[in-house]
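Each remark here refers to the structure printed beneath this line.
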Amino acid sequence: KDLSRFFSSPHPVTIRFDDPSENLPRQVCFYHTIRKIKEWTEEDEQRQQNLWNEEKYEGKKVVLAQPYEDMPECKPMHEWQKSQFPTCTVIHEQRLIDKEFGKFLASGAFRQTFEIYDRQTDSPVAMKTIREKRDKYRFTPYYMDRHRIDALIYERTSASPWITDIYAFCGLSGLFEFAGGGTMEDAILDKEEEGQKPFTRIEKLALAVDATSAIADLHTIDSINGYSAMIHGDVKLNQFVRIGNMFKLNDFNRGHLMYWNEKKQESCPYAWDDGHNGHFRAPEEYKVEALSEKVDVFSLGNIIYSIITGIYPFAKKEYSMRETKKRVKNGEKPPLKATYRESDNPIDRVLLKAMDMSLIYRWQDRA
């Protein structure tokens, strides 16, 4: 399989400091690898189609993240969506295998994460790389493209304080801002399960502001006429990690770069059928229908529900995944005690309003 378009040769770049401090050399030379996929030809389009249509997920042939309709008229919304900016030399010089500097943290669906210390700053960073002993997530064009998209979304959203930073990217690996404070899921559910003092209203509002601001930035950056250029596609509690005194959105492995229909002047819906498990998903995901950035908005509504109540939407202990899918597809919202609706507190009212604007069945009517 041709992987050549995912790699390029490094180019030396020199930075000179007019007035260097005692700790900085007068000039620094490093290797920065930039690769833009050549002009988007019919061959490139067919290659992308092959990635969408031929990849197998859990042994089942499915359609993954492709424009849903009017394919001949749907083209990438921006030129940068065809690009990538690998910095492989930065990845290669990290000391991952050194036990003194590398600590395994967790595994996700695609990659595993290590805490390592950057050689230049000697400060902790998160390295994500291919999962060990998982043939399913090998170096194939499909997974290379998945992580190209992941890195591109990080790069485009680097101005947002509510989205974690990326420092380097190469193939299936990347260096990211280190989050040592746990996830929003830990913060919310641990309080409930361990009988800790619940969040104050102000604390709940701060959590909701963090989550909402992250989604707003993601959907606004590089948007056209209100149509988002980028989608997360997997918004849930554990995708928000604590860094300092705020929670930031991370992990765009299921991210999607939206296509644009120039004739209709609107973005093209896309399809992604992989079973769509998870308690935070939108009805159209469970129904395997056309998808848009509004799937993130519905998931955000479920995030706010958890912030308000301290529990999962359709709590795992009471509802199976099958039952959750059935209820959401039928238009049901997660159960909410009447006391929440009866509150006159302005923060309670604001949180409920934001949740209700997001948990709307028809994606066309969502906030």
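At a glance:
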quantity: Linear extension gain, Leu336 paired with Met357, 0.36 nm per residue minus alpha-carbon span; calculated: 6.0 nm
quantity: Portion, in percent, of the accessible area of segment 193-288 that falls on carbon or sulfur, probe 1.4 Å; calculated: 49 percent
quantity: FRET efficiency, 1/(1 + (r/R0)^6) with R0 30 Å, evaluated for Asp186 and Ser223 via beta carbons; calculated: 0.40
quantity: For segment 200-271, accessible area per residue (1.4 Å probe, heavy atoms of protein chains only), Å²; calculated: 37 Å²
quantity: Chain lengthening between Thr200 and Glu262 when straightened (0.36 nm per residue, less Cα-Cα); calculated: 17.6 nm
quantity: Gain in span if fully extended, Asn277 to Ala290, counting 0.36 nm per residue against the direct Cα distance; calculated: 3.0 nm
quantity: Estimated FRET transfer efficiency when R0 is 51 angstrom, pair Trp80-Asp344 (beta carbons, to 0.05); calculated: 0.60
quantity: Stokes-Einstein diffusion coefficient of segment 271-312, Kirkwood radius over Cα pairs, 4 °C, 1.567 mPa s, in µm²/s; calculated: 120 µm²/s
quantity: Cα-projected label distance for Glu73 with Ala216, points at 7 Å along beta-carbon direction, nm; calculated: 3.3 nm
quantity: Förster radius 30 Å - calculated FRET efficiency between Glu115 and Asn245 (Cβ-Cβ, nearest 0.05); calculated: 0.90
quantity: Computed accessible area, Ser223, all protein chains, 1.4 angstrom probe, square angstrom; calculated: 40 Å²
quantity: Cleavage-rule hits, trypsin sites (Lys or Arg not before Pro), segment 208-285, DSSP coil, Cβ neighbours within 10 Å at most 16; calculated: Lys263, Lys264
quantity: With DNA, RNA and ligands ignored, accessible area of Asp122 (1.4 Å probe; Å², nearest 10); calculated: 100 Å²
quantity: Asp356 accessible area, assembled protein chains, probe 1.4 Å, Å²; calculated: 50 Å²
quantity: GluC sites (Glu not before Pro) within segment 181-244: DSSP coil, no more than 12 neighbouring Cβ in 10 Å; calculated: Glu194
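The values are calculated or read from the model by the stated rules, or taken from the named source; none is laboratory data. Keep in mind that this is a model prediction, so the values were computed, not measured. With ideal geometry, Cβ positions are generated from the backbone for all residues, glycine too; neighbour counts draw on all protein chains shown. Heavy atoms of the whole protein, side chains included, go into the accessibility calculation; ligands, DNA and RNA do not. Shrake-Rupley method; radii C 1.70, N 1.55, O 1.52, S 1.80 Å.
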